[in-house]
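**Student:** Below is one structure. I have some questions about it.
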Amino acid sequence: MKWILYSFLLLAGCNPVINPEIPDPGYDYFPLVTGNFWEYKTEQIVYTPAEGKVESTEWLRVKIEDAVENTDQSVTYHLTNAVKLTETGAWEITKAWIIRADYNQLICTIDNLPLVILAFPANLGKTWDGNAFNTIDPENFEIIDKGSYVSDLLGQAFNDVITVKQRDNQDFIVNFEQDLVKYGKGIGPLYRSVKNLVYCQEISCLGLQQVNEGYEYVQFLTDYGVE
């Protein structure tokens with residue numbers, strides 16, 4: 001459950017290509033600057049036949065550690081994920097990953113799986129294949145909303161926010177799947193909600209949305225800045 005980042009760029013020493021024909025491509029919906037960090041509270045529910053419903057809470061911290069300009073003038077950003085199990089605990093780095101940015105898109109690679117998490121210009125209705133650079137079947141990503149978002153944890157309203165649909169299989173009989181991410185302009189990823197629910201298929205419970213197995217995951221921004 002990871003990802004994250006920004007614009008082309010305020011990064012000293014890196015001069016990636018900017019498309020001059022696009023007046024506001026929306027690069028700053030994911031600000032990519034060395035030292036930028038985002039902290040999140042994450043809540044997860046896992047459903048299994050053996051244990052039923054198990055809830056857990058963790059905290060996630062994502063940071064851009066450095067960046068390298070490529071020969072094609074794209075930029076590769078190196079990021080780390082750190083987690084802690086309590087709000088006051090110590091951060092422990094658990095994963096390193098990358099984002100490659102060019103003027104068309106942001107390609108996030110975690111565990112050797114590249115996903116196109118944003119495409120530009122980042123306008124309402126924009127669509128692209130999130131799996132364009134991997135061997136998984138094509139997946140239609142789309143910017144489905146542009147508006148405002150209020151963070152209760154931060155006590156802050158964000159007025160220019162896009163919502164990216166990474167998956168939305170509205171199947172309430174067999175397998176409901178949904179993955180939505182909100183990006184704030186000048187801020188980056190604000191919120192993510194992922195659901196993958198497999199429903200009971202027995203005659204007695206068919207169509208009742210009784211979850212047999214699966215998970216729900218929500219990620220709320222709690223802090224952000226630059227170090």
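The values are calculated or read from the model by the stated rules, or taken from the named source; none is laboratory data. Keep in mind that this is a model prediction, so the values were computed, not measured. Virtual Cβ from ideal backbone geometry, glycine too; neighbours counted across all protein chains shown.
**Student:** Looking for something in a loop (DSSP other than H, G, I, E, B), under 24 Å from Glu43 (Cα atoms) and aliphatic (A, V, I, L, M) - is there at least one such residue anywhere in the stretch 136-154?
**Tutor:** The answer is yes; a qualifying residue exists.
**Student:** Okay, moving on. Which pairs do you get when a residue that is surrounded by 11 or more Cβ atoms within 10 Å (Cβ to Cβ) and at pLDDT below 95, found in the stretch 130-151, comes within reach of a residue that is part of a loop (DSSP other than H, G, I, E, B) and β-branched (Val, Ile, Thr), reach meaning Cβ atoms under 7 angstrom, with the pair 6+ apart or on two chains?
**Tutor:** Taking only residues 6 or more apart or on different chains, not a single pair turns up.
**Student:** Touching a residue at least 60 places away in the same chain (Cβ under 8 Å), surrounded by fewer than 16 Cβ atoms within 10 Å (Cβ to Cβ) and not charged (D, E, K, R): which single residue out of Thr88, Thr109, Thr71, Thr48 fits that description?
**Tutor:** Details: Thr88 fails: touching a residue at least 60 places away in the same chain (Cβ under 8 Å); Thr109 fails: touching a residue at least 60 places away in the same chain (Cβ under 8 Å); Thr71 fails: touching a residue at least 60 places away in the same chain (Cβ under 8 Å).
It is Thr48.
**Student:** Taking the stretch 82-133 only, how many residues are acidic (Asp, Glu), under 17 Å from the mean Cα position of the chain (by Cα) and assigned to a strand (DSSP E or B)?
**Tutor:** Step one: list which residues in the stretch 82-133 are acidic (Asp, Glu), which gives 87, 92, 102, 111, 129.
Narrowing the set further to residues that are under 17 Å from the mean Cα position of the chain (by Cα) leaves 111, 129.
Restricting the remaining residues to those that are assigned to a strand (DSSP E or B) gives 129.
Counting residues in the stretch 82-133 that are acidic (Asp, Glu), under 17 Å from the mean Cα position of the chain (by Cα) and assigned to a strand (DSSP E or B) gives 1.
**Student:** Applying the selection to the stretch 152-165, what residues are farther than 17 Å from Ser193 by Cβ and surrounded by fewer than 12 Cβ atoms within 10 Å (Cβ to Cβ)?
**Tutor:** If the condition is that a residue be farther than 17 Å from Ser193 by Cβ and surrounded by fewer than 12 Cβ atoms within 10 Å (Cβ to Cβ), then Gly155, Ala157, Asn159 are the ones that fit.
**Student:** Does Leu190 satisfy the condition of being under 11 Å from the mean Cα position of the chain (by Cα), under 18 Å from Leu79 (Cα atoms) and in a strand (DSSP E or B)?
**Tutor:** Working: under 11 Å from the mean Cα position of the chain (by Cα): yes; under 18 Å from Leu79 (Cα atoms): yes; in a strand (DSSP E or B): yes.
For Leu190, the condition - under 11 Å from the mean Cα position of the chain (by Cα), under 18 Å from Leu79 (Cα atoms) and in a strand (DSSP E or B) - is met.
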